[in-house]
Amino acid sequence: MFTDTGDTTTTDESRPLAGEQITVVGSGFGGLSTACYLADAGADVTVVEQHDHLGGVAGTIERDGFTFDTGPSWYLMPDTFERFFGHFDRDPADYYDLVHLDPHYRVFWKDGDSVALSDDLDHVRSTFESYETGAGGAFDDYLAEARHTYEVGMERFVYEDRQRLRDFLDPEVVKSARGLTFFGSMQDHVEKYVDHPKLQQLLQYTLVFLGGSPYNTPALYNLMAHVDFDLGVYYPEGGIHAVVEGIAEMARELGVTFETGTPVEGIEVDPEGVGVITPDDYRVADRVVSNANPAHVERDLLPPDHRSHDPGYWDEQTYAPSAFMLYLGVEGDVGPLEHHSLVLPTDWEAHFDAIFEEPRWPEDPSYYLSVTSQTDDTVAPEGHHAVVILVPIAPGLPDGEKVRTEYREKILADLAENVGVDLRDRIVVAESACVSEYTELFGAPKGTALGLAHTLTQTGPLRPGHRDDSLDGLYYAGSFTTPGIGMPMTLVSGEHAAEAVVEDATEQGVFGGLLN
């Protein structure tokens, strides 16, 4: 991994990429992260972004006094953000302010029950005990394992890029990994600790951040309980896009150039390096890092003789869910809804089946609501709330206007019936997004909203790596690569992609074998 020496003096050793021209395609978190690390290593970095805003999926909608985050809405794993900014001798607080959320979120079950959870572990413990005798102690045991898994997993398998199976045979890695549960599903793992279905859901709902289900996600991801209960849930004032703007500001300080409204139409081999085709330009870079996903790049941007996979390869992968998104400006109160709320049936297996087993619009959906105006009074006019509703759905579903209208009414009626919050006659602003938007705006295969799901066969070295297999000088960062899905993971993916660039440049002898 990159080493932070604390010395900002410009030397050959600290700037091994001096003189390199590098183009980064896409400005999602992975692209922004890569750009920062490469610029810090001395490269001349240009980020080209097809949209008029930075951030990729993490954009905003601003309309009639309302502001909505269009993509991620949970700020988790603050330690990873601190580590990222710390590499550049900076702190997140230099660029945006965080509000600690208490409670973290509220869960509403469709039998009328609800709980609010925070990082007050005594309260969480008593909540678990109220559902099942002995579950308070079981929670402690589960959380202790999650802490250990997180500590070992982050240091050994996330922050260190292990893209090959043989990388896991390092004796130190084998020793540190003893006791970790790698195999089996999360559902099987959680059942060893608690029996009550609601408690199992509370320990597993965070899998939605990984794009998986309790039935296809490896038990290794029990570490998400530590993320949830120990590390806290935060809100960056101004929304997630404030984080995008903060990282972009730091990138500019490091020398990165941004070109928005510049779609890439092709990537090709050039005698001088790697050619990037845009509508009004053809540029040659020494290297190109794509934050655009590899499926889109291979299918739509690369010449056929430089594609690493057959045309059908990407159709056979297991994708994280797409999403039916509603962005609603609402007049009046929203009752018991917290900043983050989840609405769950007591048995959610049918919804996961509708995503991963027999793709269809779920009949009894689980869904998530974000009401940032409960925390931030700048995102909605006085007397109003900004409400985002996300329903995870199978990627690739048909999502025409008729089904969207019907499903919107279904969700709003479900919210009124099961949570007691009826928004239907109070909506003054309404926008939506679904499979089509993720496909058309971001080139996401089957319209996935997240990337490749974290199944056992798509975890760690079994995910796409950071180097393209067929075109020297082309690299990848983002949620399709290691270490995976989510803002913190894509920040780390940018670090890994930049490491690959530095390693290749120095091994070629161009920079005298210097690796910071």
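Looking only at residues of the range 389-404 that are in contact (Cβ under 8 Å) with a residue 40 or more places away in the chain and in a loop (DSSP other than H, G, I, E, B), we find that the one that is surrounded by the most Cβ atoms within 10 Å (Cβ to Cβ) is PRO395.
Out of all the residues in the range 312-323, is one or more free of Cβ contacts under 8 Å to residues at least 12 places away in the same chain and under 22 Å from HIS51 (Cβ atoms)? Looking for residues that are free of Cβ contacts under 8 Å to residues at least 12 places away in the same chain and under 22 Å from HIS51 (Cβ atoms), one finds none in the range 312-323, hence no.
Selection of the range 259-282 for residues being in a strand (DSSP E or B), of a type outside the set (Gly, Ala, Ser) and surrounded by 19 or more Cβ atoms within 10 Å (Cβ to Cβ) yields ILE267, VAL274, VAL276. For the residues ASP414, ASP425, the requirement of being at pLDDT 95 or above, closer than 29 Å to ARG63 by Cβ, surrounded by 16 or more Cβ atoms within 10 Å (Cβ to Cβ) and of a type in the set (D, E, K, R) singles out ASP414. Here ASP91, ASP140, ASP102 are screened, and the one residue that is more than 30 Å from GLU20 (Cβ to Cβ), out of contact with any Ser or Thr (no Cβ under 8 Å at 6 or more places or on another chain) and of a type outside the set (A, V, I, L, M) is ASP140. Of the residues making up the range 276-285, not a single one is touching a residue at least 60 places away in the same chain (Cβ under 8 Å) and among the acidic types (Asp, Glu). Would you confirm whether or not the range 39-56 contains a residue that is part of a helix (DSSP H, G or I), modelled with pLDDT of 95 or more and either touching a His at 6+ places or on another chain (Cβ under 9 Å) or buried (at least 16 other Cβ atoms within 10 Å of the Cβ) (or both)? The answer is yes; a qualifying residue exists.
Those strands (runs of 3 or more DSSP E) of the range 301-388 in which at least 1 residues are under 30 Å from PRO263 (Cβ atoms), considering only elements entirely within it, cover 322-331, 367-370.
Filtering the range 183-199 to residues that are at positive phi and among the β-branched types (Val, Ile, Thr) leaves nothing.
Say whether the condition of being buried (at least 20 other Cβ atoms within 10 Å of the Cβ) and closer than 25 Å to GLY484 by Cα is met by at least one residue in the range 11-21. No: zero hits.
Among the residues making up the range 458-489, those that are outside any loop (DSSP other than H, G, I, E, B) and touching a residue at least 24 places away in the same chain (Cβ under 8 Å) are GLN458, GLY460, PRO461, ARG467, LEU474, TYR475, TYR476, MET487, PRO488, MET489.
For the range 62-128, the strands (runs of 3 or more DSSP E) that sit wholly inside it and include 1 or more residues that are closer than 30 Å to LEU328 by Cα and touching a Lys or Arg at 6+ places or on another chain (Cβ under 8 Å) are 105-109, 114-117.
Being in a strand (DSSP E or B) and not aliphatic (A, V, I, L, M) is the filter here, so list the residues in the range 283-300 that pass it. Step through it out loud before you land on a result.
Going residue by residue through the range 283-300, those that are in a strand (DSSP E or B) are 283-285, 287-290.
Listed by number, the residues that qualify are ARG283, ARG287, SER290.
Selection of first residues in the range 343-357 that are loosely packed, with under 14 Cβ neighbours inside 10 Å and of second residues that are at pLDDT 95 or above and assigned to a strand (DSSP E or B), restricted to Cβ pairs under 6 Å at least 6 apart or on distinct chains, gives the following pairs, ordered by first then second residue: THR346/TRP109. Considering only residues that are of a type in the set (A, V, I, L, M, F, W, C) and within 17 Å of the chain's Cα centre (by Cα), which ones fall in the range 442-476? Result: PHE442, ALA444, ALA449, LEU450, LEU452, ALA453.
Listed here are the residues, each with its yes/no results for (1) assigned by TED's automatic domain parsing to the domain that holds VAL428; (2) without any contact (Cβ under 8 Å) to a residue 60 or more places away in the chain; (3) over 24 Å from ALA444 (Cβ atoms).
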{"position": "THR34", "(1), (2), (3)": "no, no, no"}
{"position": "ASP44", "(1), (2), (3)": "no, no, yes"}
{"position": "VAL47", "(1), (2), (3)": "no, no, no"}
{"position": "PHE66", "(1), (2), (3)": "no, no, yes"}
{"position": "GLU82", "(1), (2), (3)": "no, yes, yes"}
{"position": "ASP89", "(1), (2), (3)": "no, no, yes"}
{"position": "ARG106", "(1), (2), (3)": "no, no, yes"}
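Modelled with pLDDT of 95 or more, more than 16 Å from VAL208 (Cα to Cα) and surrounded by 19 or more Cβ atoms within 10 Å (Cβ to Cβ) - does that describe any residue in the range 361-369?
no
Residues in the range 395-444 that are over 27 Å from TYR319 (Cβ atoms) and polar (S, T, N, Q): ASN418 alone. Can you give me the number of residues within the range 199-218 that are surrounded by 20 or more Cβ atoms within 10 Å (Cβ to Cβ) and not in a helix (DSSP H, G or I)? Result for the range 199-218: 7.
The values are calculated or read from the model by the stated rules, or taken from the named source; none is laboratory data. Worth saying up front: this structure is predicted, and the values here are computed from it rather than measured. Positions of Cβ are backbone-derived with ideal geometry, glycine not excepted, and every protein chain shown enters the neighbour counts.
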